1. Can you tell me the 0 to 90 degree angle between the C-alpha axis of helix 149-165 and the longest principal axis of the chain, rounded to 10?
2. Using a basic spin-label model with each label point 7 Å from the Cα along Cα→Cβ, how many nm lie between THR7 and VAL331?
3. Could you rank PHE223, PHE569 by how accessible they are, 1.4 Å probe, largest area first?
4. For an R0 of 51 angstrom, estimate the FRET efficiency from the Cβ-Cβ distance between ASP222 and LEU406 and round to the nearest 0.05.
5. Before rounding to the nearest 500, sum -39500 (n - 2.57) across all DSSP H runs of length at least 4 in the chain and divide by the residue total; then give [θ] at 222 nm in deg cm²/dmol.
6. Taking the Cα centre as origin and putting +1 on Lys and Arg beta-carbons and -1 on Asp and Glu beta-carbons, what dipole magnitude results for the chain, to the nearest 20 debye?
7. At 0.36 nm per residue, minus the direct Cα-Cα distance, what do HIS628 and GLU415 gain on full extension? Give it in nm, one decimal, please.
8. Which of the peptides 154-162, 538-546, 317-325, 359-367 is most tightly packed, and how do the rest follow, judged by the mean count of other Cβ atoms within 10 Å per residue?
Amino acid sequence: MAAAALTYEPGFRARRAMNWLPLGFTYAFLYMGRYNLTVAKSALGDLLTLEQFGDIFGIGTITYAFSFLINGPLTDRFGGRRAILIAAFGSTLANLGMGYYTYVFMTDGSGVDPRTVFSPLYAINMYFQSFGAVAIVKVNSNWFHVTERGKFSGIMGTIIASGIYFAFDWGYSIVNYVEGAGPGGIDANWWIFFVPAIILSVFFVVDVFLIRDNPSDAGFKDFDTGAAKLSANEDHPIPTLELLRRILTHPIIMTVACIELCTGVVRQGIMQWYKTYAEAELVLNSDHLMLAQWGLILFIAGVLGSNFAGWVSDRFFQSRRAPAAGGLFAVMTVAILFMCFSLGGTKPTVAWAKSAPKAAVAAGLRTGDLIFRVDGQPVTDRARLITALEAPGEHKLGVFRRDADLQLTFNSTPELKKELPLRKFMVYVPKPVMTGEASRLASGTSAVFWRGAWADEMGLKKGDEIVSIGGQKPNDWGDLLAAIDQSGPQGSDTPVTLLRDGKSVEMTLWYPPQAPRAQGAKREDMAKFVAAGPTQTLDPMVLGGLIFFISLCVIGVHGLLSGTATMDFGGKRGTATAVGVIDGFVYLGTAIQSFSLGRLNATDWTYWPVFMLPFAIIATILLRRIWHAKPSSGGGH
C-alpha cells in the first residue's frame, strides 16, 4: 500500500483505537507492576539495602532479557492477543506473591535475606512481563502501515511514559496512603504490589472482549502494511529455530539490539537512581519539584520525546528511524557529559528546616521521646496508640526522654486530627531501651518513638553555617551527618559551633539512639529524619534540567526503535521475535547498570554519569551505521 493510498474502511480507525487503547493501558499497568519494586525500595528504607535492591532488580531484568528468546517466537506463533493475556495473568499472580511476602516480612519479621524470596518472585514477574512488550507491537504491526508508524512510536512512548507515571506517582501515593495502616501501626507497603495486581486482573477481562490480532478478526479487511518480509510466503509460519536464526543474523535488527542495550543502561541509569541521589546526597526537600513531581516529569518527558521522535522520523526522513534516534542520542551524549560536571554538592549550611508540629510542641512531645503508656495502659503497638490519641479529650502519656520519665497531657480535638498526622511522626519500637520507672511500667514490651522535627527542635535555623561539630570542621552536609552519627547506642551530646547572622553560636546536639543511622544504605533515612537540608553548591535544577532532557531523549529513542523499527524489519512473521530480541538487549543493559551502579553509587556517586557516557557514545556511532536503513518488501535478508 503506497503512502498516498492510505484510505481505510468506515469505522476502521475507531476500531483500531478500541484495540490499542486497552492494549496500551494493560502494558502501562504492567510497567506499574514492574517498577513498583523501585517504589518498594524507597518505602522499605533500610529493610532493603541498595545492594540487595540492585541484585533483585538485576536478576529480574536478566530473566526478562532471556525470556524473549522463548516468548518472542511463541507470540509470533499464537498471536499478540494471547500474549498480552498471559502477561496480565502471570504478572497479577507474581505481584500478589510479592505483596504477600512483603506483608509477612514486615509483620512477622525475618532473619532471611529478602533476596532469597524477592529474587525468584520478581524473576517470575519479569518472565510474564516480557510477553507484554512483544504483544503490543505484534498486535499493532497488523493495524498500522509503515508510513504511520512514526505516529505509533508516539503512541508507544506515551504508553511507556504513562506506565512510568503510574509506577512512580501512583506508587508513592499508595505509600503515603497506607502509612501506618498495617497491623500494629506499621506501614502497609504490601499494597504497592496488590494494587497493580488488582488493576491488571481487571484489564485481563477487558482485553478478552476488545483486543483482536488482525483487522479481519474485527470484521475489517487485512492489508499490506509495507513492512519487511522475512520469507517469500508470509502466510505460513516460519519454524521457530529458523525464525530465531533469521532474526539473530539480521544485520539491522542486531545493530538496533546493540543500540537498545545502550538505551537500557541510560534509561534505567536515570530512572532508577536520580531520586535516590536527590534524597540521600543532595538532601532536597520533599516538596522540591524534581521529587514531588518525579513521575509526572518522566511522563511529560516521555510524551514529548516519543512524539517528537516519531514525527521527525516520518516527516523529514521518509520513515527512516535511525536519523531521528541518532540525533537524540548525539544530544543525549552531550547532556550526559554536562551531567558529569553538574552533580552539584552540599555545604554545611542549613538551607531549610521543617518546623516541629505546633500541636506536638503544645503537648510537650519532643523528637526522640518514647511513648510507653497512654491513659494508664501500656503501649502495645502504634495503631492502638493512634486510635487512642485520635479520640477527643485529654490523654495522659507516659514518656521516656533520655534518662527521665515524664507525664504529658495530649489534648485531642477533631481539628487536631487534620493538623497533626500522627502516623507520619510515630515509629513502633518493639524492644525499647529504657531505664528506671519507665522500664518497669512498660514491662519491657514496646513503645512508640516520636520523630518530630529534629533539626528545628535542636535549635538549628535556616542560614546557620556549621563551623565545627565534635571538634571537626565539616566540608559538606555528609560530614555533618557522619559526625552526628558518632553518638553511642544510648545517644550522646555533640558540641557544635555555628555562625548565625555573622555571630558565633555554641550549642549541643543530641541524636536519639532509636533514630536512623547514616551507615551504608541508611543515610537516606537519616537525612529524612534530620528534617533539614543543606545549601547547594549548584542549583539542583541544573541537574534536574539535564535529567529531564536525557529522559526525553532516551524514552523517545526507546519508543522509536523497540516499538517501531521492530515492526518495520520483523515483518508479519517475525515482529514479536524481533521485539523480543531487541527488548531483551534493553534489559541486558538495564541489568548491567543495576548490578554496576548499585555498587558504584554506594562508593562514590561521581561514577554515575561517567558509567553511562560510553554507552551513549557507542549508540550514536552504531546509529550512523544504519542511517539509511528502510524495510524491504522482499523475502529474507
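The values are calculated or read from the model by the stated rules, or taken from the named source; none is laboratory data. Values in this document were obtained by computation on a predicted structure and should not be read as measured data. Glycine also receives a Cβ, built like all others from the backbone with ideal geometry; neighbour counts cover every protein chain displayed. These accessible areas exclude ligands, DNA and RNA; they are computed on the full protein's heavy atoms, side chains included. Shrake-Rupley method; radii C 1.70, N 1.55, O 1.52, S 1.80 Å.
1. 20
2. 3.8
3. PHE223, PHE569
4. FRET efficiency, ASP222 to LEU406: 0.05.
5. -19500 deg cm²/dmol
6. 1260
7. Computed gain between HIS628 and GLU415 is 70.0 nm.
8. 154-162, 317-325, 359-367, 538-546
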